[in-house]
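Beneath this line is the structure, given in C-alpha cells, with notes to follow.
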Amino acid sequence: MPTYSYACTACSHAFDAVQSIHDDALTDCPECTGAVRKQFGSVGVTFKGSGFYRTDSRSESKKPAKSATSSKS
Ligand SMILES: [Zn+2]
C-alpha cells in the first residue's frame, strides 16, 4: 500500500499515512483536528526547517549525449 504524506495547514504537523488508493484522503490533523493537505510526490521527504532545496538536474543529464561515433560509414 502506498504511503501518503500529509501536512497540517493549521499546526504544520506532518505525518505519513499508509492508505489504500481506494481510501478517502485524510482531512483531519491527528494533533489539532485541523485541515491537512496531502503532499504529493515527496514520500520520505520532510519539509521541516529551511535550506532544503531539491536540485533536480536530471533534465540536464537527460539530454541525448550525441556521440560523434555515429558517423561511421
Ligand atoms: Zn494540526
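On the Cα set of the stretch 1-41, report Rg and Dmax in Å, please.
9.6, 27
What number comes out for accessible area per residue over the stretch 1-41 if the probe is 1.4 Å? Units Å², please.
On a per-residue basis, the stretch 1-41 sits at 68 Å².
The values are calculated or read from the model by the stated rules, or taken from the named source; none is laboratory data. Fair warning: this is a prediction, and the values are worked out from it, not measured in the lab. Accessible surface is based on the protein model in full, side chains and every heavy atom, while ligands, DNA and RNA are left aside. Shrake-Rupley method; radii C 1.70, N 1.55, O 1.52, S 1.80 Å.
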